[in-house]
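Colleague: Please find one structure pasted underneath; my questions will follow.
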Amino acid sequence: MDSLNRLIEIFSHFPGIGPRQARRFAYYLLGKPPSFINEFIKLVGAVKSSSNQCSECQRLFIDTTTRSTLVCNICSDNSRDRTTLMVVARDSDYESIEKSGAYRGLYFILGGTVPVLDKEPEKRIRLSSLLNKISESSGASPSASPINEIILSLNTTPDGENTAEIVHRSLNRLMQGAQAYPAQNKPKISILGRGLSTGAELEYVDRETIRNALKNRA
């Protein structure tokens, strides 16, 4: 495979990009002057070298400070409601929720969704990390803030709803089996209200719909 077709193949692996769009991207770059290409290459390298994954919520973020940190600006913000945790599939979903201005709690990024027929959800999403985070908030760790509500904010697609069901079931098992959870300490598990139409992906939902879905969560 020559370099052009390899580039097209790489672009075709981008989310939501088909072969025709991938080919357009490749030829667009071919038509640009060397100065543009050099700037593009430097920018991709700079973004990659300055990015970190938050040890708390697992989202990717750009560290603009001179020191390397493993906690993002959301998780380190003491003004956030630390008793509420929103679980989303991807970083782009977090950005859509945050831009709505309707939510002031913390997040957890699962890293994807689980296809309906998949038998190994642990390989698709950060389920173990989420359960560990919830366990630590139960009171087992004196420094942890108790989580009172877990909001499952996943796409209303078959894969999104399957993922929500897996996470919900796993959380229930955790709470039923953990002695650290007396009845009064068990977090409420809620889902976004049906302001979201079936098949909707959070990344593309407008701010007002997100606000209504949060307000009417069940």
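Please treat every number below as a calculation from the coordinates, not as lab data. Since this is a predicted model, take the numbers as computed values, not measurements. Because the Cβ atoms are built from the backbone with ideal geometry, glycine has one as well, and the counts that use them run over all protein chains shown.
Colleague: Using a Cα-Cα cut-off of under 18 Å, which lysines could be cross-linked to Lys215, ignoring same-chain neighbours fewer than 8 residues away?
Modeller: Straight-line reach from Lys215, under 18 Å: Lys99, Lys188.
Colleague: Sequence-distant or interchain residues sharing an amide H contact under 5 Å with Val205, placed H: which?
Modeller: Long-range HN contacts for Val205: none found.
Colleague: Label-point separation (nm) for Asn172 and Arg23, each offset 7 Å from Cα along Cα-to-Cβ?
Modeller: Computed distance between label sites Asn172 and Arg23 equals 4.9 nm.
Colleague: Sticking with this structure for a sec: Counting only residues 5 or more places away or on other chains, whose amide H sits under 5 Å from the amide H of Glu56 once H atoms are built in the peptide plane?
Modeller: Amide H to amide H, under 5 Å and 5 or more residues apart or across chains, Glu56 pairs with Cys72.
Colleague: Moving to a separate point now. For region 55-135, what log10 I(q)/I(0) values come out of the Debye formula at q = 0.12, 0.22, 0.23 1/Å, with one point per alpha carbon and no solvent?
Modeller: Values returned for q = 0.12, 0.22, 0.23 Å⁻¹ are -0.38, -1.12, -1.19.
Colleague: Which aspartates and glutamates, on any chain, are close to Lys186 with Cα under 15 Å apart, when same-chain ones fewer than 8 places away are left out?
Modeller: Glu136, Glu149
Colleague: A follow-up question, please. Multiply the residue separation of Glu56 and Arg80 by 0.36 nm, subtract the distance between their alpha-carbon atoms, and state the gained length in nm to one decimal.
Modeller: Fully extending the segment from Glu56 to Arg80 adds 7.3 nm.
Colleague: Continuing with this model, one more query. Sequence neighbours fewer than 8 away in the same chain don't count; with that in mind, list the lysines whose C-alpha is under 20 Å from Lys123.
Modeller: Answer for Lys123, where 20 Å is the Cα cut-off: Lys133, listed by chain and number.
Colleague: For a quick protection proxy, order the peptides 76-86, 29-39, 145-155, 163-173 by their average other-Cβ count within 10 Å, most packed first.
Modeller: The peptides rank, most packed first, as 145-155, 163-173, 76-86, 29-39.
Colleague: Then there is this: Need the full-extension length gain, Arg104 to Val47, defined as separation in residues times 0.36 nm minus the C-alpha distance. One decimal, nm.
Modeller: This chain segment gains 17.9 nm when fully extended.
Colleague: I would also like to ask the following. I want to verify the translational diffusion coefficient of region 3-49 in µm²/s; compute it with Stokes-Einstein, Rh as the Kirkwood radius over Cα pairs, at 37 °C and 0.692 mPa s.
Modeller: Calculated translational D: 289 µm²/s.
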